[in-house]
């Protein structure tokens, strides 16, 4: 693999990726097949919000490796099921070595499931999150050009908190917006730039 002047690394397959997605096969597959593609279903959006919250202070690779265990522990991230989790369920999850055993983050996942159901009365979680899509997206040439938050992610964080969500800080919400295609922060020379179909005209 060889870095070029734009900050991407060209792999043995000839495809250019950012450094974070260039070596670990799990991260590479996530980058190639999922990251930045639009998420437009409630369950998918709820899962991403939970996983981004669990990731706070940790590496995303750690979360990806534990994702199957997370899905098993949280009923496939079905908000209707997780919203009914009891104190006993929380204690059970605190003993689950397959996930991040952080009580506040586990409680947040339950709380966020309940908040997701509440949002159904007002257009739903997906439309709510997507309503914070900005008018333009970053155009980073190198990793240092990628912002860690934006005016929109700050506003989304505040709005979700008002609706009862937690572990949804501005930086976490910017990462969510990147992951679900609301902004495109693929490096300009990455093979994935514009692949969401949302910002391809600008790329």
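Things to note:
- Whenever a residue of segment 73-90 is on the phi > 0 side of the Ramachandran plot and in contact (Cβ under 8 Å) with a residue 12 or more places away in the chain, its partners that are surrounded by 17 or more Cβ atoms within 10 Å (Cβ to Cβ) and assigned to a helix (DSSP H, G or I), lying with C-beta atoms within less than 6 angstrom and at least six residues away or across chains, give the pairs 77/46; 77/47.
- Residues in segment 48-66 that are surrounded by 14 or more Cβ atoms within 10 Å (Cβ to Cβ) and over 12 Å from the mean Cα position of the chain (by Cα): 61, 65, 66.
- Only residues that are surrounded by 21 or more Cβ atoms within 10 Å (Cβ to Cβ) and not in a helix (DSSP H, G or I) were counted in segment 166-191, giving 11.
- For residue 51, the stated conditions hold: it is under 18 Å from residue 166 (Cα atoms), in a helix (DSSP H, G or I) and at pLDDT 95 or above.
- Some residue of segment 112-131 being within 18 Å of the chain's Cα centre (by Cα), touching a residue at least 24 places away in the same chain (Cβ under 8 Å), buried (at least 18 other Cβ atoms within 10 Å of the Cβ) and over 20 Å from residue 50 (Cβ atoms): no
- Filtering segment 12-33 for residues that are within 25 Å of residue 131 (Cα to Cα) and surrounded by fewer than 16 Cβ atoms within 10 Å (Cβ to Cβ) leaves a non-empty set.
- Filtered residue count, segment 137-160, keeping only those that are surrounded by fewer than 16 Cβ atoms within 10 Å (Cβ to Cβ) and either in contact with a helix residue (DSSP H, G or I) (Cβ under 7 Å, 6 or more places away or on another chain) or under 14 Å from residue 177 (Cα atoms) (or both): 5
The values are calculated or read from the model by the stated rules, or taken from the named source; none is laboratory data. Fair warning: this is a prediction, and the values are worked out from it, not measured in the lab. Here Cβ is always computed from backbone atoms with ideal geometry, including for glycine, and neighbour counts include all displayed protein chains.
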